[in-house]
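S.K.: My questions all concern the structure below.
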Amino acid sequence: MNIVRLVVAYSCGIAIWGLLRMPAFLGGSGWPAPAEPVTALFLPGWEGGEYPGLAGLLHGLKAVTERGGAFPLRGLAVALPALGAAVAVGYVLGARARMHDRLPHPRDGAGPRQARGSRSLLARPLGTLGARGLAGAGVLVLVAGAGFVAAERYAAAALAPMAWVAGGAEVLTVTGRVASDPEPAGSGGTFLLRVDTAEGRPARARLHVTWRGNPGQRVPVLAYGDRVRVTGTLRRPRPATVPGGYDGRAALLREGIGYELMAGAPPRWLGPPRGLDRLPAAVFALRGRLREGLEASLPAGPRGVAAALLLDWRQELSITARTVLADTGLIHLLAVSGQHVAMAAVGASWLAGRGGLLPRARRLVVAAVVTVYAAITGGPPSVLRATATYLLADLGRALARPATALAMLAWAAAVQLLFRPLWLFEP
């Protein structure tokens, strides 16, 4: 099965979820409510954790059977449109791959003529596709369904903190690990928190934390991986206030975050990074050293532009620079993207060649430089996609198994969407 078809089918399943379910998670008019996940509408016990995985599926089927086979219509209202769209995707994309039927010659009709994909797929009746074509379509239907379910579970996990405030107490204390490079914000700061406990009970979620301190108050210097305790008010992120404006709620949901914690005091530092958090902590420490190097070598204006262009750090960008770039339509140049990854690869390859390295060593050096650069930029989706595409293409060349650019892009997208399904909607 072609990887491109699989990724397109998986993406179509996520896109269908976006049309049917994303409004509910963003607090709009979507149905059903996020508190009642779509899989629970027709498979009882699937989402509750009491019967996880395959056991939940079997328990749900048993419950439906014990009710006399009554399948809730509200589940069908979500399942049937998704299934119908997935079938259409599978029919269009999958059946064409394995067609071996014989068609009459289009001119004189004298004898059969072998044709594979020579006629338009949409012009063929379903019965002429053959067993292989239908099997391919069925596989893509399942892949599209997997994309739909993956997006649902990803978004439902983002709203897990909903259960922490079910009793009405929105002020709570959480402990966890800093999961981003902390950024200053006025007299306080912001960072992402990977929660370990909430009100003393084990919990698992990611929160966007914003804290405020008093002028002159001593605050801890936080870094990636630090263990902290924060007390604040839990609330939903703010949506866009004007049409076309920045939608913070949608942006955080794409990252798997459904709530933010507003703290009136600095977080309490509990300890340094431990275990696997030490490696990304070292990368973010390197990013901080590079910012310090820019601060020591450049004046304020150029320093802010250089930090934004090279490290995707816009906190030091002056208001004047922001205004000028916005007025001239060049603000998009500050967005670190695949172009920056390509320039890093070209520069590293040139330097390695000037250093006299052999092709194999040169390839390893360039791969290391590209990987480190993607890490110190904070890993935005466009950079990770370009990095994965380059590394996969370079691996194919090293193994003497070159692939098309479309296939490499499909593999890179597959890696991203498996871990972050809603990155499909990143602008």
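S.K.: Consider Leu276 carefully, then state whether it is of a type outside the set (Ser, Thr, Tyr) and surrounded by 16 or more Cβ atoms within 10 Å (Cβ to Cβ).
M.R.: No: the conditions fail for Leu276.
S.K.: Also, quick follow-up: From Ala386, Ala374, Ala361, grab the single residue that is more than 23 Å from Ala306 (Cβ to Cβ) and out of contact with any Asp or Glu (no Cβ under 6 Å at 6 or more places or on another chain).
M.R.: Ala361
S.K.: Among the residues of the stretch 20-28, is there at least one that is at pLDDT below 75, more than 22 Å from the chain's Cα centre (by Cα) and loosely packed, with under 15 Cβ neighbours inside 10 Å?
M.R.: Checked the stretch 20-28: no residue is at pLDDT below 75, more than 22 Å from the chain's Cα centre (by Cα) and loosely packed, with under 15 Cβ neighbours inside 10 Å.
S.K.: Which is touching a residue at least 24 places away in the same chain (Cβ under 8 Å), under 30 Å from Glu152 (Cα atoms) and in contact with a Leu (Cβ under 6 Å, 6 or more places away or on another chain), of Trp411, Trp423?
M.R.: Testing whether each residue is touching a residue at least 24 places away in the same chain (Cβ under 8 Å), under 30 Å from Glu152 (Cα atoms) and in contact with a Leu (Cβ under 6 Å, 6 or more places away or on another chain) leaves just Trp411.
S.K.: What pairs can you find where one residue is in the stretch 270-284 and in a strand (DSSP E or B), the other is surrounded by 13 or more Cβ atoms within 10 Å (Cβ to Cβ), and their Cβ atoms are less than 7 Å apart, with a gap of 6+ or different chains?
M.R.: Leu270/Thr175; Leu270/Arg227; Leu270/Val228; Leu270/Arg229; Gly271/Arg227
S.K.: Restricting to the stretch 318-367, name every residue that is over 26 Å from Leu384 (Cα atoms) and assigned to a loop (DSSP other than H, G, I, E, B).
M.R.: Ser318, Thr328, Gly355, Gly356, Leu357, Leu358
S.K.: Do we have Asp327 as acidic (Asp, Glu) and farther than 25 Å from Pro182 by Cβ here?
M.R.: yes
S.K.: Test Thr371 against the stated conditions and say whether it is β-branched (Val, Ile, Thr), at pLDDT 90 or above and in a helix (DSSP H, G or I).
M.R.: Yes: the conditions hold for Thr371.
The values are calculated or read from the model by the stated rules, or taken from the named source; none is laboratory data. Here the structure is a predicted model, which means the values were calculated and not measured. Don't worry about glycine lacking a Cβ; one is built from the backbone with ideal geometry, like all the others, and counts go over all protein chains shown.
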